[in-house]
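The values are calculated or read from the model by the stated rules, or taken from the named source; none is laboratory data. Keep in mind it's a predicted model, so treat the numbers as computed, not measured. Please note: Cβ atoms are built from the backbone with ideal geometry, for glycine as well, and neighbour counts cover all protein chains shown.
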């Protein structure tokens, strides 16, 4: 089990590992986002500005889409040239310019087989497309190259979690995604259907399947997670993994937490996340993240001068 994060009363040597941190990568939902604290963004950005003085960079790694993080990016005040990790690692782009650093897709032929195998199940299936080659005017006044296609036997909704409009299709109408499909999200209402889907998809080595909450399965391309995406960022900025501190709360953060030089789970994190990290915060969600930022700042100030 992870140790509790050092604080002001901890022996000074416990701060030394944090003095080497040059990049902090934080998850959003369940980690940084805290709607119950209206002042969290002021507190957070105060710590971000302080860490800039000590040459510590900050970015996010989230399962959200680009459309789903835009409002938060404004609040975070991340530099325009800062790469961000989206779709749980299937996409890494530079903020604002949307220039690709890394993209991993589910092959079109595999997507077609998945649709055909699941067409009789009692599910709602959403396919997330990011095609940077298409002109913006093809996206119904959405100012980024993202589309959500949907198929359903259990009803339709207008918008999904990221507040993106869903383009509903019939099960025999499968768009050609080329190299653009980054993730599939399947809503399931009962355990029997869950078992059926896992059985039908178990022989596809091109994909990985992760349970997301009690009602959802997330399908990602094999070779896609937040740790692999973070490695792409390090290749660009020239840091080592020992200089990376990551913060998360759920199973989809586990690879990143284990890979990082210092992995920190917020209080109340999932068992898989806790088992993958070295430390756990005293407080949950955003308050825990602010505490980590403050700890890194103080450690670098003390040991790095």
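Let me spell it out: the conditions are (1) within 30 Å of residue 23 (Cα to Cα); (2) outside the structural domain of residue 90 (by TED's automatic domain parsing); (3) in contact with a helix residue (DSSP H, G or I) (Cβ under 8 Å, 6 or more places away or on another chain), and residue 147 meets all of them except one. Which number is the exception?
With (1) within 30 Å of residue 23 (Cα to Cα); (2) outside the structural domain of residue 90 (by TED's automatic domain parsing); (3) in contact with a helix residue (DSSP H, G or I) (Cβ under 8 Å, 6 or more places away or on another chain) applied to residue 147, the lone miss is (1).
Given the range 216-305, what helices (runs of 4 or more DSSP H) lie entirely inside it while holding 3 or more residues that are under 18 Å from residue 20 (Cα atoms)? I'd like the intermediate steps shown before the answer.
Working: elements: 226-237, 254-259, 271-276, 285-304.
Of the helices (runs of 4 or more DSSP H) lying wholly inside the range 216-305, those with at least 3 residues that are under 18 Å from residue 20 (Cα atoms) span 226-237, 254-259, 285-304.
Out of all the residues in the range 248-268, which are crowded, with 19+ Cβ neighbours inside 10 Å and within 30 Å of residue 109 (Cβ to Cβ)?
Those that are crowded, with 19+ Cβ neighbours inside 10 Å and within 30 Å of residue 109 (Cβ to Cβ): 252, 254, 255, 256.
So which residues in the range 191-215 are at pLDDT below 90 and closer than 19 Å to residue 111 by Cβ?
210, 212
I'm checking my understanding of the structure. Among residues of the range 2-41 that are at pLDDT below 85 and in a helix (DSSP H, G or I), which one is nearest to residue 58 (Cα to Cα)?
In this case the residue turns out to be 41.
When both residues are 6+ apart or on different chains and their Cβ atoms are under 7 Å apart, which pairs have a first residue that lies in the range 83-104 and is under 12 Å from residue 60 (Cβ atoms) and not assigned by TED's automatic domain parsing to the domain that holds residue 253, and a second that is assigned to a strand (DSSP E or B) and modelled with pLDDT of 95 or more?
The qualifying pairs do not exist here.
Restricting attention to the range 149-206, which residues are without any contact (Cβ under 8 Å) to a residue 60 or more places away in the chain, assigned to a strand (DSSP E or B) and within 25 Å of residue 89 (Cα to Cα)?
At the first step, the residues of the range 149-206 found to be without any contact (Cβ under 8 Å) to a residue 60 or more places away in the chain are 149-160, 165-173, 175, 191-192, 194-195, 198-199, 202-203, 205.
Now drop any that are not assigned to a strand (DSSP E or B), which leaves 149-152, 159, 165-168.
Of everything in the range 149-206, those that are without any contact (Cβ under 8 Å) to a residue 60 or more places away in the chain, assigned to a strand (DSSP E or B) and within 25 Å of residue 89 (Cα to Cα) turn out to be 149, 150, 151, 159, 165, 166, 167.
Is there a residue in the range 240-247 that is at pLDDT 95 or above, within 26 Å of residue 105 (Cβ to Cβ) and not assigned by TED's automatic domain parsing to the domain that holds residue 17?
Taking the range 240-247 first, the residues at pLDDT 95 or above are 240-247.
Pick out the ones that are also within 26 Å of residue 105 (Cβ to Cβ) and you get 241, 244, 246.
Applying the additional criterion that residues be not assigned by TED's automatic domain parsing to the domain that holds residue 17 yields none.
For the range 240-247, residues at pLDDT 95 or above, within 26 Å of residue 105 (Cβ to Cβ) and not assigned by TED's automatic domain parsing to the domain that holds residue 17: absent.
Restricting attention to the range 47-60, does a residue exist that is more than 29 Å from residue 3 (Cβ to Cβ) and touching a residue at least 12 places away in the same chain (Cβ under 8 Å)?
So in the range 47-60, the residues more than 29 Å from residue 3 (Cβ to Cβ) come out as none.
Checking the range 47-60: not a single residue is more than 29 Å from residue 3 (Cβ to Cβ) and touching a residue at least 12 places away in the same chain (Cβ under 8 Å).
Which of the residues that make up the range 42-67 are in a helix (DSSP H, G or I) and either modelled with pLDDT of 95 or more or more than 18 Å from the chain's Cα centre (by Cα) (or both)?
If we filter the range 42-67 for residues that are in a helix (DSSP H, G or I), which is where we start, we get 42-53, 66-67.
Of everything in the range 42-67, those that are in a helix (DSSP H, G or I) and either modelled with pLDDT of 95 or more or more than 18 Å from the chain's Cα centre (by Cα) (or both) turn out to be 42, 43, 44, 45, 46, 47, 48, 49, 50, 51, 52, 53.
Kindly provide the set of residues from the range 70-104 that are more than 17 Å from residue 230 (Cα to Cα) and buried (at least 20 other Cβ atoms within 10 Å of the Cβ), ordered by number.
The one that is more than 17 Å from residue 230 (Cα to Cα) and buried (at least 20 other Cβ atoms within 10 Å of the Cβ): 76.
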